[in-house]
Amino acid sequence: MLSNGVQEELAAQLAAAERDRVPVDPLVVRYPGIDVVDAYEIQLINIRRRVAAGARVIGHKVGLSSKAMQQMMGVDEPDYGHLLGEMAVFEQVPVVASNYLYPRVEVEVGFVLGADLPGAECTEADVLAATVAYAPAIELIDTRIRDWKIALCDTIADNASSAGWVLGAARVAPAGLDITAIDAVLTRNDEVVATGRSDAVLGDPTVAVAWLARKVAAFGVRLRAGDIVLPGSCTRAIDAHPGDVFHAEFAGLGSVRLTFE
């Protein structure tokens, strides 16, 4: 366990790396004693700082929600990060690639909550009952850790490597779509670069959302009506470069587009 002073210093380093676009060396190499509790506290220090400066939390993202990624990281549960209003990107506005260090995109089925979720006792049935719509989504991920050389505590401390997200226009009620069987295709510059299906996320993305609601309850946080939840990627992450145009198509759910300049 790190001291409060070290947690504050590492949070400041990550914030500076994001602001100045100068990466830092892995936290786990410099502080081998760091643990998951430290990492979440570092994440929360920076979220509290940004909220105090006027940012608004409008949802959460789940990471490490595929079994393959969990095995690679040596963990048996996902992790999570915060979505802030200032992180939103838009289909019609190109993203400036140089604003990020190592940008990548992931394909996700977004959840739009129409009611508050329970906390520690949240179930998948609760998630379905509270979800007003699914939406096609691309998450923009980035790392402030040099060359994506991340371990579990690195990515948690770094807001689960979150940098932004975009939702497509479509909204489909849960009753109208099998959340476990949505095929997704991602193209970059009209070339297919990734394919996947929604059940790549723990077999059912609602499992990830219910886990998230239970997990954040331990920090005194609730998922509220209006929140956006990104439960994890249907596909592998794809590097993004200036000039890239990404288009994700979801069976029965529409599409979403993200352009980099």
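The values are calculated or read from the model by the stated rules, or taken from the named source; none is laboratory data. From a predicted model like this one, the values you see are computed outputs, not experimental measurements. With ideal geometry, Cβ positions are generated from the backbone for all residues, glycine too; neighbour counts draw on all protein chains shown. With ligands, DNA and RNA removed, areas are computed over all heavy atoms of the protein, side chains included. Shrake-Rupley method; radii C 1.70, N 1.55, O 1.52, S 1.80 Å.
Points worth noting:
- Farthest positive-ward along the chain dipole, Cα basis, beta-carbon charges - from Leu253, Leu84, His60: Leu84
- Helix-only [θ]222 nm of the chain, DSSP H runs n ≥ 4, -39500 (n - 2.57) each, per residue, nearest 500: -8000 deg cm²/dmol
- Most fluctuating residue given options Ala213, Ala248, Ala53, as computed from a GNM of the chain linking Cα atoms under 10 Å: Ala53
- Just checking the listed ones, Val193, Val127, Val185: in the Gaussian network model of the chain with Cα springs under 10 Å, the one fluctuating most is Val193.
- Distance cut-off 17 Å, percentage of C-alpha pairs in the stretch 1-56 lying past it: 37 percent
- Spin-label model distance (nm) - Glu191 vs Arg171, 7 Å beyond Cα toward Cβ: 3.7 nm
- Residue with peak Gaussian network fluctuation, the chain [Cα springs, cutoff 10 Å], from Gly74, Gly176, Gly220: Gly220
- About the centre of its Cα atoms, the chain shows a dipole size close to 440 debye [charges on the beta carbon of Lys, Arg (+1) and Asp, Glu (-1) only; nearest 20 debye].
- 20 Å Cα-Cα reach of Lys67 towards aspartates and glutamates, excluding residues that sit fewer than 8 places from it in its own chain: Asp76, Glu77, Asp79, Glu106, Glu108, Glu124, Glu139, Asp154, Asp183, Asp199, Asp204
- Orientation-averaged projection of the stretch 93-145 equals 5.7 nm² [convex hull of Cα atoms, one quarter of hull surface area].
- Signed unit charges on C-beta, dipole axis of the stretch 117-201, positive-most listed residue Val192, Val132, Ile145: Ile145
- Cut-off 14 Å between beta-carbons: net charge of the residues surrounding Gly5, Lys and Arg +1, Asp and Glu -1: -4
- Computed from point charges on the beta carbon alone (+1 for Lys and Arg, -1 for Asp and Glu), the dipole magnitude for the stretch 115-223 about its Cα centre is near 300 Debye.
- Convex hull volume per residue in cubic angstrom - Cα atoms of the chain: 116 Å³
- At a probe radius of 1.4 angstrom, the accessible area of the chain per residue rounds to 41 square angstrom.
- For the stretch 210-261, a crude dipole built from +1 on the beta carbon of Lys and Arg and -1 on the beta carbon of Asp and Glu, taken about the Cα centre, is about 480 debye to the nearest 20.
- Built from the Cα atoms of the stretch 131-207, the convex hull projects on average onto 6.8 nm², one quarter of its surface area.
- Counting protein heavy atoms only, the chain has 52 percent of its accessible area on carbon and sulfur, 1.4 angstrom probe.
- P(r) weight above 19 Å for the stretch 1-100, C-alpha pairs, percent: 55 percent
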